[in-house]
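Read-outs throughout are calculated quantities, based only on the coordinates presented, and are distinct from any laboratory measurement. What you see is a predicted model, and the numbers here were worked out from it, not measured in a lab. Every residue, glycine among them, receives a Cβ derived from its backbone with ideal geometry; neighbour counts consider all protein chains shown.
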Amino acid sequence: MLMNIQNLRVRDGANNDAGIQVDIAYIPYSWIKTWPTTKGIDTAANFEELVKYFGNFELYEGKYWCIIETTANKGILKSTLAGERDGRSAENDLEFVHPGNEAYLLGFIEFFKNTRTVLAIRERDKTEWRIVGSEGLPASLKTGEVTTGGEVKDLKHAKISFDSAGRIAKIYSGLIAFKTPLKIRLDFTGGSTEYVEYGNQTYAIPVNTADANFFVFEDGRTLHKVVVTAGDLPTGMTASVVNGKIVVEGTPTVAGIYGFTLVGQITADGTATGTVVESSTFEMTIVVTD
């Protein structure tokens with residue numbers, strides 16, 4: 001056993017906000033090609049590593065995570081030890097509420113009632129994800145209670161819960177690749193190919209990669225009137241609009257996860273002067289790696 005035990009201290013004055021954030025990510029279990037790795041008691045260096053994922057989810061081509069928005073203060077994730085002495089494991093229960101009883105919501109319950117699932121939630125005061133379901137032990141829909149309400153003051157909603165068994169829902173700080181309305185193409189100047197595409201709009205760029213310019217193009221339609229919000233780009237990189245293309249350029253010098261926002265309009269006939277049928281806002285993420 002390599003792991004060292006450690007003191008468990010309370011940080012005086014630290015926040016400890018209860019609850020989960022309203023956006024929950026979910027994906028069919030079968031859409032995941034490769035899981036991030038884990039460590040056991042023989043490889044973990046400390047308590048934290050026992051409950052963390054290392055690396056990223058790799059999805060099958062064309063697959064993606066989706067978001068279900070939930071009612072604030074109505075969601076909870078509970079992990080409970082279960083089993084007999086010397087054979088204990090854990091049960092995870094995720095419960096949340098989604099307002100209304102629209103067709104898409106009823107269809108969600110119908111689809112996932114017998115479909116193996118993986119879900120990701122964030123605690124109210126955390127940026128990492130907690131993953132419900134694990135490799136070989138996916139989550140399943142436990143309850144799907146939909147009500148019309150009785151009186152006008154009643155809440156019309158669906159109360160949904162998923163459960164999984166095996167280990168305490170682990171912490172994941174990697175990438176969750178969501179579907180976006182845009183298909184992104186990445187080009188490096190000078191023919192450089194030193195990047196990794198994680199899926200959709202997320203790319204990894206090594207530190208000190210020269211000529212790390214790339215352009216974002218709309219796939220099959222015209223994206224125009226684009227506004228770039230630089231956001232938290234890494235030192236040495238800038239975002240701008242050049243000749244109708246979104247250009248991010250520079251040589252990243254510091255490893256980290258960075259993002260910026262693109263806002264534009266999409267026309268129906270593929271021209272910049274056509275009728276605007278859709279506004280597009282999406283986040284693009286750059287992961288600068290060592």
(message) Under 5 Å between amide hydrogens, which residues at least 5 positions from Lys142 or on another chain qualify, with H placed 1.01 Å from N in the peptide plane?
(response) Ser161, Phe162, Asp163
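Using the Kirkwood formula over every pair of different C-alpha atoms, what hydrodynamic radius in Å results for segment 23-172? Please report the intermediate quantities before stating the final value.
Details: mean 1/r = 0.0604 Å⁻¹.
So the Kirkwood estimate lands at 16.6 Å.
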(request) Provide the packing ranking of 51-57, 108-114, i.e. peptides ordered by the mean count of other C-beta atoms within 10 Å per residue, highest first. (result) 51-57, 108-114
